[in-house]
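What follows is a short report on a single structure.
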Amino acid sequence: MFNIERWTEIFQSIQKNKLRTALSGMTVSLGILIFIILFGLGEGLKNSYSDLFLNNANNVIYIYPGKTTKPYGGFKTNRRIELKNADIDALKQEFSSSIEYVNPSLFVSEPISYGLESFTFEISAVSPSNQLIEKHVLMKGRYINEKDIKEKNKVVTIGRLVARDIFKGDDPIGKFINLGSRSFKIVGVFQDTSGDTEENKLIIPYTTRQQILKGTDVVGTVGITFDQSWSGSQAVKLSDNIKSFLKKRKSVDPTDPSGIRIRNVADEIDRSLQFANALQIIVTFVGIGTLIAGIIGISNIMVFIVKERTKELGIRKALGAEPNEIIKMILTESIFITAISGFLGMVIGIIILNSLDSSALQEYFITRAGVDLNIAFSATIILIIFGVIAGYIPAKRAAQIKPIVALRDE
Amino acid sequence: MIEIKNLHKSYEMGSSSLHVLKGIDFSVADGELVAIMGSSGSGKSTLLNILGMLDNSDQGTYDLDKIRIANMDEKKAANYRNKFLGFVFQSFNLINYKNALENVALPLYYQGISRKERQVIALNYLGKVGLKDWSSHLPSELSGGQKQRVAIARALASNPKVLLADEPTGALDSKTSMEVMALIQKINNEGKTILVVTHEQDIAEMCKRIVLLKDGVIVEDKKVKQNIIKNV
Ligand SMILES: Nc1ncnc2c1ncn2[C@@H]1O[C@H](COP(=O)(O)OP(=O)(O)OP(=O)(O)O)[C@@H](O)[C@H]1O
Ligand SMILES: [Mg+2]
């Protein structure tokens, strides 16, 4: 296989025909480079999707009470539906076998102050299961607990960014903060990997909030979790059952799209994952398309190269070159150029991918753009193999034409 | 050295066929210097290409140094061309990206001779054609006469039994033609069998024998008194 004499011949041919070498080399490099970059960005898109869903519990159903749009059961249209503590209890009872946690929540809008300073943050009045649903991770102290719910304690667990902004490094645990006109004791700090929004929140018991609102028993949005291992269709079935149960209980027309609305995260994820999969398929197709374009490019160049060398090959034959020797010469040259420029394109592609500004990419919903080294290598090797096949066909044809015909070529 | 009998060759062109060689009987002994003449289109090149195994005949026999050349596969033909035959073309046919020395060394590469040895032999033949000092020049840096001398050196490098030259002076002026013919005479005097295709009477008269082709047959074949070229 390794024949120093042939290699010397080939190196001379490569060296003395720089344009030809550059042309074929660039086609291969560019093919691989574009493939790697496209594939890497596609991976980044997919990463963004999976990150998005991994950071929140996906076995959650949200219930949003709203205004009816149809008259029903003697009630007029445009009636505001309110969920009450009794409804929550009924829900727990009815679906005790299928639901894990119920997290009623109330929207709170109160000015926040500490000492003389005032701040603006979002306040959520919820139950302790909020921690599991939002995947809040405790950094310090404790989360609000069942005892707080029962005793309607004025305690608050704050997000990492809230703690940073208000206490600037001081330990917030045990300090008192004013929400509206009432003073709450800080019992814990949490963080959340899904982003800043959650870490800018203050979490208080929903029962405490109800007491502040003159002992109301109304709740706002309700989150319900179910068995993690359930399929999307099981989850949809549960949410349908919950919807009809509540509609019946609250006298809402079963066909009313409003009144009681349900959002099923599992179902959304199912659909989004389908989208992500479609994205993956598109990226793969584009990648394969680039590779094919690269292969066609090399094939054309190989045909061109062999055509251009026809006369030279005729001379070599007249001087005694065997057909095999001609094929080996053309193929070795093409393998050499394709391999070198293929790996060059691969390395450059990977370097470009790695040097892309990740925060700029984040704006385009691309996270950790990058390509699996195995895929990069396989693509390069596929291109090289096809480069060899693409070179073999014209080389074989050139080796077979009669020397006199080749010599006549101008 | 060369023995052909009843050689026929036709070119097929679509539906029509052009009968170019119509039964050539012809033999060349060792050490001869033969001029092949004839008007344009008479089949001189066709004959030479068949003798040189660059093309094949349709009918007839061809023996080269008592070996029957027939139905040879391309691999074997390549070996025979390499060992037995040297070519000189009107248009030189040098490889343009190789310098003079590398061009001359190329037939030796196909004999499997090592690079070092190739260069020694090639330089020796370049010396023989008076171009030792031009060994590193590319064909584009050489005059027509110099190119043809490089081509002759290349044809000789593999020490073939027969040298075939198709209008070696066709692209050269008369002075350079003399130089090239003087070289051919010198090589012939050293014992090499040479066939030269030419249009020109005076070039033919520098050979020892003239064969005249007309309409695909030999119409005349005579020994002539060689016009030996002195001091060029
Ligand atoms: N490849 C080919 N296909 C078809 N016809 C050809 C081919 N080569 C030669 N011919 C024809 O065969 C005839 C003989 O050609 P050849 O080249 O042998 O002539 P020649 O004697 O060498 O002429 P010249 O002096 O012009 O070189 C010509 O009529 C030519 O047109
Ligand atoms: Mg001719």
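Among the aspartates and glutamates, which have Cα under 18 Å from the Cα of A:K84 when same-chain residues fewer than 8 positions away are ignored? Reachable aspartates and glutamates: A:E94, A:D217. For segment B:2-223, the C-alpha radius of gyration sits at 1.01 times the compact-globule guess of 2.2 N^0.38 Å, with N the residue count. Listed by chain and number, the aspartates and glutamates placed with their C-alpha closer than 16 angstrom to that of A:K18 are A:E9, A:E308, A:E333; residues fewer than eight positions away on the same chain are left out. Excluding residues on the same chain fewer than 8 positions from A:K201, give the lysines whose Cα lies under 20 Å from its Cα. Once the sequence-local lysines are set aside, what remains near A:K201 is A:K135, A:K140, A:K152, A:K154, A:K168, A:K175, A:K185. Relative contact order for segment A:326-385 using alpha-carbon pairs under 8 Å, separation at least 6, rounded to a whole percent? For segment A:326-385, the relative contact order is 44 percent. Across peptide B:72-79, the average count of Cβ atoms from other chains found within 10 Å of a residue's Cβ is 5.
Beyond a 23 Å Cα-Cα separation, which of these cross-linked pairs lie in this structure: A:K317/B:K76; B:K208/B:K230; B:K98/B:K175; B:K66/B:K161; A:K307/A:K328; B:K98/B:K230? As for pairs spanning more than 23 Å Cα to Cα, those are B:K98/B:K175; B:K98/B:K230.
Per residue of A:322-333, how many C-beta atoms from partner chains lie within 10 Å of its own C-beta, taken as a mean? Each step should come with its number before you reach the end.
Values: counts 9, 5, 3, 4, 2, 0, 0, 0, 0, 0, 0, 0.
Per residue, the average neighbour count from other chains is 2.
Set the Förster distance to 30 Å, then compute FRET efficiency between B:A171 and A:F11 from the Cβ-Cβ distance, nearest 0.05.
0.40
Quick one: which of A:189-202, A:351-364 comes out on top by average Cβ neighbours within 10 Å, and what's the full order, highest first? Don't skip to the answer; put the middle values down first.
Numbers: A:189-202: 17.8, A:351-364: 11.9.
Put in order of decreasing packing, that is A:189-202, A:351-364.
Maximal additional length on extending the B:E117-B:A70 stretch stands at 13.6 nm, based on 0.36 nm per residue less the C-alpha distance.
Taking 0.36 nm per residue of sequence separation and subtracting the Cα-Cα distance, how much length would be gained by fully extending the chain between A:E308 and A:K402, in nm to one decimal?
On the way: separation 94, 0.36 × 94 = 33.84 nm, distance 1.63 nm.
Extending this stretch completely gives an extra 32.2 nm.
If a spin label sat at a point 7 angstrom from the Cα of A:Q93 along the line to its beta carbon, no backbone N atom of segment A:204-243 would be nearer than 11 Å. Taking every alpha-carbon pair under 8 Å whose residues sit at least 6 apart, chain B reaches a relative contact order of 28 percent.
Checking the a/c ratio against 1.5 first, then a/b against b/c, what shape does the Cα gyration tensor give for segment A:75-162?
Working: a/c = 2.40, a/b = 1.41, b/c = 1.70.
Note, shape of segment A:75-162 comes out oblate.
Give, as ranges by residue number, the residues of segment A:119-147 whose backbone N falls under 20 Å from the point 7 Å along Cα→Cβ of A:Q362. Hits in segment A:119-147 for A:Q362 at 20 Å: A:135-137.
Hey, what number do you get for the protein assembly as shown at 222 nm if only DSSP H runs of n ≥ 4 count, each worth -39500 (n - 2.57), divided across all residues, to the nearest 500? List each step's numbers first, then the result.
On the way: 22 runs with 310 residues, N = 642.
That comes out to -15500 deg cm²/dmol.
Each of A:G188, A:L132, A:G220 was placed along the dipole of chain A (beta-carbon charges, centred on the mean Cα), and the one lying farthest toward the positive end is A:G220. The angle between the Cα long axis of helix A:4-16 and the main principal axis of chain A comes to about 80°, on a 0 to 90 degree scale.
Multiply the residue gap between A:D409 and A:K237 by 0.36 nm, knock off their C-alpha separation, and tell me the result in nm, one decimal place.
Details: separation 172, 0.36 × 172 = 61.92 nm, distance 7.62 nm.
Gain on extension, A:D409 to A:K237, equals 54.3 nm.
How large is the dipole of the protein assembly as shown about the Cα centre if only Lys and Arg carry +1 and Asp and Glu carry -1, each at its Cβ, rounded to the nearest 20 debye? List each step's numbers first, then the result.
Numbers: 78 positive and 67 negative charges, 45 e Å.
Dipole about the Cα centre, nearest 20: 220 debye.
Note on the protein assembly as shown: Cα-Cα pairs beyond 47 Å make up 50% of the total pair count. Using C-alpha pairs below 8 Å separated by at least 6 residues, the relative contact order for chain A is 28 percent.
For the protein assembly as shown, build the charge dipole from Cβ charges (+1 Lys, Arg; -1 Asp, Glu) around the Cα centre, then report which of B:L94, A:V108, A:V155 sits farthest towards its positive end. After comparing all options, I get A:V155. Roughly what angle does helix B:100-109 make with the longest principal axis of chain B, taking Cα atoms, 0 to 90 degrees, to the nearest 10? On a 0 to 90 degree scale, this one is about 60.
In peptide A:309-319, how many Cβ atoms from other protein chains are near each Cβ within 10 Å, on average?
6
Simple spin-label estimate for A:K214 and A:T255 gives 3.9 nm between the two label positions (7 Å along the Cα-to-Cβ direction from each Cα).
Read-outs throughout are calculated quantities, based only on the coordinates presented, and are distinct from any laboratory measurement. Here the structure is a predicted model, which means the values were calculated and not measured. As a convention, Cβ positions derive from the backbone with ideal geometry for all residues, glycine included, and neighbour counts pool all protein chains shown.
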